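The values are calculated or read from the model by the stated rules, or taken from the named source; none is laboratory data. Please read these numbers as outputs of a predicted model, since none were measured by experiment. Here the Cβ positions follow ideal geometry from the backbone for every residue, glycine too, while neighbour counts run over all protein chains shown. Note: areas computed on protein heavy atoms with side chains; ligands, DNA, RNA excluded. Shrake-Rupley method; radii C 1.70, N 1.55, O 1.52, S 1.80 Å.
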2 protein chains.
Amino acid sequence: METLVELIAKKRDGGRLTDEQIERIIRALGAGELADYQMSALLMAVFFRGMDDAEMVALTRAMLHSGDVLDLSSVPGVKVDKHSTGGVGDKVSICLAPLVAACGVPVPMVSGRGLGHSGGTLDKLEAIPGFRVNIETDAFARIVREVGTCMIGQTARIAPADKRIYALRDVTATVESIPLIVASILSKKLAEGIDGLVLDVKVGRGAFMKTEEDARKLATALARVGTLSGKQVVALLTDMSAPLGRAVGNAIETREAIDVLRGEGPDDTIACTLALGAEMLVLGKVAQSAEEAEKKLRDAIASGAGARVFERMIEAQGGDPAVVEDPSRLPRAPEAVLVYAETDGFVADIDALEIGLTAVAMGAGRTRADQAVDHAVGIEIVAPRGAGVRRGEPLARLHVRRQADAAAVAERVASAFRISSDPRAVPPLVIDRIVA
Amino acid sequence: METLVELIAKKRDGGRLTDEQIERIIRALGAGELADYQMSALLMAVFFRGMDDAEMVALTRAMLHSGDVLDLSSVPGVKVDKHSTGGVGDKVSICLAPLVAACGVPVPMVSGRGLGHSGGTLDKLEAIPGFRVNIETDAFARIVREVGTCMIGQTARIAPADKRIYALRDVTATVESIPLIVASILSKKLAEGIDGLVLDVKVGRGAFMKTEEDARKLATALARVGTLSGKQVVALLTDMSAPLGRAVGNAIETREAIDVLRGEGPDDTIACTLALGAEMLVLGKVAQSAEEAEKKLRDAIASGAGARVFERMIEAQGGDPAVVEDPSRLPRAPEAVLVYAETDGFVADIDALEIGLTAVAMGAGRTRADQAVDHAVGIEIVAPRGAGVRRGEPLARLHVRRQADAAAVAERVASAFRISSDPRAVPPLVIDRIVA
């Protein structure tokens, strides 16, 4: 049998690793027989040489089985989750999961935290007083069964190999590798015990994938590997050149998600929620078509059924369910400062990356995994893309701890807005739909 | 300033690292700010992307200055060393250094141990009873000054970054990278305080570089980077398809080197010693031409001056100098077993790699750096390339601990000989001479 070093050399030289070899590597990593410095060399070799579908399936499976696979057999129905590759202002999971659950599709969801310019669902949920994201697997299954959805963090027992490998990739310049991204996402999601998965692959400045070409490669790889892994998978490519919706920050994003559940909320956040939700309902076999599914979702908003599921989920996870009826119970920064337009015109573009980085600098996000976030601060877009503005009218509202914090932030936020003299068409939210 | 991860990404994306960036990386590695797993990812990126001359010079310098640079200013003359990329039966350093020193060129030599199929000078020298290769730098300089040469192992203070990086490369499939090989060799050699360096870049089955193309790339890179680092450098490409000389094993190789100093020894070992020695004498400015240099070397053999320097060096390093006059004082395996030809014909080829690996299996070498070697065992070629043999005549002599050890070894050694019905030309030893 080859040595582990020979397996690194095989990938380095463009060879194909067999299922057994990939399984051996992940097992050896867990057992301490393959050192971190060997794994990182292999990760860099994968960066250069890539992996074919069979290798990605094997890597996903090996990482998945490095930990527990949640047993949701006690939950009736076709379990479907959604994963977003991350962006700025992307609070969709928070309204989507309760809505889809209200329509009869169980949604077991393991989410992540914000890192770099992009936010994380767990941080947003933790803006709700008392809300706990660390839930043991038994309780997780029970909440999904009883409430329809539960949203937790990756526990030490879910795909530990992914945790280990992700930490290495982060510090070895091997994050941007499609096979590694695919295995990382799918190993965690498959560990949830799901039957189907809808992927929101974000494209643009504020996304991990800056170009449509790269995003399409990732989406097709995710769809193929997920399908080869025996799951039903649909991916949507969606625009992330500007922030999604109006709110960027933790509590204010949760509030926007509650707005959607209450039949309010910005058009693009609603559209994104409905598009992803429709796919989930069809995968979950409670709707025959996207049209039928969208009607069910709109009904669940109108009837308040989605909001009720969210309240029950918050309660089951130790939080204050009254925030749904009274969002003012969410933490709120003491000062609100407006950022004004300096010229007349139309908002042609808002740089999602700059808005995201500014929010991090305000304390809403983190640059290292061990940092705490301030749930109350954030940036609220007042004039979205397409809006006409006059000099002196507000573009954005900053939620800050002190007035003194606002000056530098205001300048950065203003610079993220591009004002044109003519109105420009807002790019479509859903760029493409990809299945294997 | 870029983060260290950004520097890894820069090389990964094909960028050029500046002198300052390379220096920072090596400093951070030493200070524990750059982890082994980050260094190994960078090493793999260098494997794929390479380095230009300026990067190799900077890497060599940074690794060199990670430790002490020996101060040989107290030694008069132009100090010249020789480095071989390693092969099977390559005992040339042991006769070469004393001969060159006898001709007036000081030779400060830091050597290595055998690993894998190739032997190491230190192991061969340690076959001499009492011989010590761990000599402190002060004593090293004194012995070079008083005797003309001293041969020691890499101390913890010589290029510690190289030690660390080499250990990583060995287990991360990043050994075979020309920039990394060049910096590893030159950083150690430049730490010796030399003025000139002659490189013996071996080519063929028994060498690290299997093809002339690869060997030529390495030799030219070594010559260029060594010259850019301010040293006089000449590289010879020499044949390593068959073992050099007759002896493969520690004590028997030392004995063959003593034979050369005594005017005996096989033609190819003598030729290799004279070719490299001539370059060293010219670099050392004690000869104007290779012809004049070769005459001086032959005179130093004939007069016994080389043998006397070797005796003095052995004495200075704690060993028994009487081995030079009486090589029977070297350790000797208790049993000698002959391997016989099975057909009539001519020895067309001897597989150096197979002979080297067989010697390791006999205990003469090591597969892991922490293994001990048996100095007494080895393989002696009786019928070298070009020799005519008849069925039943000896091809080789095995020096073993017990008769029972010989059977499996004999079969492997016999299989390494290729016997042809017609005599074949023996390839030339020196394939090319390369300067920057």
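For this structure, a couple of remarks:
- Filter result for A:P98 (outside any helix (DSSP H, G or I) and in contact (Cβ under 8 Å) with a residue 60 or more places away in the chain): no
- Test: residue in the stretch A:157-173 that is within 14 Å of chain B (Cβ to nearest Cβ), part of a loop (DSSP other than H, G, I, E, B) and not β-branched (V, I, T): yes
- Restricted to the stretch B:48-65, and to residues there that are over 18 Å from B:K189 (Cα atoms) and part of a loop (DSSP other than H, G, I, E, B), the residue that is nearest to the other protein chains (Cβ to nearest Cβ) is B:G50.
- Filter pass, B:R113 being farther than 29 Å from B:A287 by Cα, open to solvent by 50 Å² or more (accessible area, probe 1.4 Å) and in contact with a strand residue (DSSP E or B) (Cβ under 8 Å, 6 or more places away or on another chain): yes
- A:A372, sole failed condition from (1) within 19 Å of A:T254 (Cβ to Cβ); (2) touching a Gly at 6+ places or on another chain (Cβ under 9 Å); (3) open to solvent by 50 Å² or more (accessible area, probe 1.4 Å); (4) in contact (Cβ under 8 Å) with a residue 24 or more places away in the chain: (4)
- Annotation: B:D71 fulfils all but one of (1) assigned to a helix (DSSP H, G or I); (2) open to solvent by 50 Å² or more (accessible area, probe 1.4 Å); the unmet one is (1).
- Among the candidates A:E311, A:E315, residue that is surrounded by fewer than 19 Cβ atoms within 10 Å (Cβ to Cβ) and farther than 25 Å from A:V400 by Cα: A:E315
- Hey, A:R332 open to solvent by 30 Å² or more (accessible area, probe 1.4 Å), part of a helix (DSSP H, G or I), touching a helix residue (DSSP H, G or I) at 6+ places or on another chain (Cβ under 9 Å) and not hydroxyl-bearing (S, T, Y) or not: no
- Test for A:R298: is it among the basic types (K, R) and either without any contact (Cβ under 8 Å) to a residue 60 or more places away in the chain or surrounded by 18 or more Cβ atoms within 10 Å (Cβ to Cβ) (or both): yes
- Test for B:D214: is it more than 19 Å from B:L99 (Cα to Cα), out of contact with any His (no Cβ under 8 Å at 6 or more places or on another chain) and without any contact (Cβ under 8 Å) to a residue 12 or more places away in the chain: yes
- Filter result for B:T121 (polar (S, T, N, Q), under 30 Å from B:G15 (Cα atoms) and in contact (Cβ under 8 Å) with a residue 12 or more places away in the chain): no
- Among (1) open to solvent by 40 Å² or more (accessible area, probe 1.4 Å); (2) at pLDDT below 95; (3) within 18 Å of the chain's Cα centre (by Cα) - the single one A:E126 does not satisfy: (2)
- Test result for B:E213, over 21 Å from B:A235 (Cβ atoms), open to solvent by 10 Å² or more (accessible area, probe 1.4 Å) and more than 18 Å from the chain's Cα centre (by Cα): no
- Residue within the stretch A:338-352 that is part of a helix (DSSP H, G or I) and within 26 Å of the chain's Cα centre (by Cα) present: yes
- Search result, residues across the stretch B:1-39 that are within 13 Å of another protein chain (Cβ to nearest Cβ), open to solvent by 20 Å² or more (accessible area, probe 1.4 Å), outside any helix (DSSP H, G or I) and more than 18 Å from B:P179 (Cα to Cα): B:E2, B:T3, B:E33, B:A35
- Scope the stretch B:45-66; condition open to solvent by less than 20 Å² (accessible area, probe 1.4 Å), out of contact with any Leu (no Cβ under 8 Å at 6 or more places or on another chain) and either among the hydroxyl-bearing types (S, T, Y) or farther than 13 Å from B:L17 by Cβ (or both); matching residues: B:M63
- Some residue of the stretch A:135-150 being out of contact with any Lys or Arg (no Cβ under 6 Å at 6 or more places or on another chain), assigned to a helix (DSSP H, G or I), within 14 Å of another protein chain (Cβ to nearest Cβ) and at pLDDT 90 or above: no
- The test for being at negative phi and within 11 Å of chain B (Cβ to nearest Cβ) holds for A:A45.
- Once the stretch A:375-389 is narrowed to residues that are in a strand (DSSP E or B) and either out of contact with any Lys or Arg (no Cβ under 8 Å at 6 or more places or on another chain) or at positive phi (or both), the residue that is surrounded by the most Cβ atoms within 10 Å (Cβ to Cβ) is A:G378.
- Residue identified as touching a strand residue (DSSP E or B) at 6+ places or on another chain (Cβ under 7 Å) and away from chain A (no Cβ under 11 Å) among B:V88, B:V69: B:V88
- Qualifying residue in the stretch A:219-238 (condition: under 23 Å from A:V88 (Cβ atoms), of a type in the set (D, E, K, R), in contact (Cβ under 8 Å) with a residue 60 or more places away in the chain and surrounded by fewer than 24 Cβ atoms within 10 Å (Cβ to Cβ)): no
- Residue list for the stretch B:425-434, filter: open to solvent by 80 Å² or more (accessible area, probe 1.4 Å) and either in a strand (DSSP E or B) or under 19 Å from B:A396 (Cα atoms) (or both): B:R433
- Here A:R255 passes the criteria (1) in a helix (DSSP H, G or I); (2) touching a strand residue (DSSP E or B) at 6+ places or on another chain (Cβ under 6 Å); (3) of a type in the set (D, E, K, R) except the one numbered (2).
- Among (1) more than 14 Å from chain B (Cβ to nearest Cβ); (2) assigned to a helix (DSSP H, G or I); (3) open to solvent by less than 20 Å² (accessible area, probe 1.4 Å), the one test that A:L180 misses: (1)
- No other residue among A:A167, A:A159 is closer than 30 Å to A:A31 by Cα, crowded, with 24+ Cβ neighbours inside 10 Å and at pLDDT below 95 apart from A:A159.
- When residues of the stretch B:390-411 are limited to those that are out of contact with any Phe, Trp or Tyr (no Cβ under 9 Å at 6 or more places or on another chain) and buried (at least 18 other Cβ atoms within 10 Å of the Cβ), the one nearest to B:T358 (Cα to Cα): B:V409
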